[in-house]
1. I need the full set of residues from region 41-55 which are in a helix (DSSP H, G or I) and exposed (fewer than 14 other Cβ atoms within 10 Å of the Cβ), in order please.
2. Can you report the number of residues in region 24-40 which are under 24 Å from VAL119 (Cα atoms), among the small types (Gly, Ala, Ser) and surrounded by 13 or more Cβ atoms within 10 Å (Cβ to Cβ)?
3. Does LEU67 satisfy the condition of being part of a helix (DSSP H, G or I), at pLDDT 95 or above and open to solvent by 80 Å² or more (accessible area, probe 1.4 Å)?
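The values are calculated or read from the model by the stated rules, or taken from the named source; none is laboratory data. In this text the structure is predicted, and so the values were computed from the model without any measurement. Every residue, glycine among them, receives a Cβ derived from its backbone with ideal geometry; neighbour counts consider all protein chains shown. Accessible surface areas use protein heavy atoms only, side chains included; no ligands, DNA or RNA. Shrake-Rupley method; radii C 1.70, N 1.55, O 1.52, S 1.80 Å.
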Amino acid sequence: MGPVVRRPVAWIVAVVLLAEALGVAAVNWFMGVVVDRQDMSLAGMDPDVMSTSSKVGGILFGLYFGLCAVVALLVALRDRAPAGAGRVLLISAAVVHGLLGAFAWGLLGWTQFLFMVVVLALIVLLLMTYDAQERTAARQPEDGKGDGGAPPVAPAPVTPPTAPTTP
């Protein structure tokens, strides 16, 4: 029998970000090849520079989203919230998807916008799900006895005692 999957959102985010990394790298590489073969120029820029920059940008963005996918995969395998640089990386990926979604709405259409918003929502759900788990775990000690095994203290009264009256 395989491991129990408690929160599949981390696995889904890892798969989506890995697919997006491969897709972004492939599209940018393809655009670089097209510019190179057609010897196109934009406002007098060197076509070789445009081709190379498109390929390098695709590789860098692909590595960035791939690293985000690795962080999500580690979250899924460890079943713990991301910490430190991994958390910052996932937050930055959420911001990037928000910005790309805004650009996609204006330049490409609502379907691309919808994809970016869904990925953004998945990343935010991943971050929030594990935060909620850690908050509830922090409130309850592991032994269930309260203050380090000390006897329980009676709760304070809900209403204050009555004020003394003056004669």
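1. Across region 41-55, the qualifying residues are ASP48, VAL49.
2. Total meeting the criteria: 1.
3. The answer is yes for LEU67.
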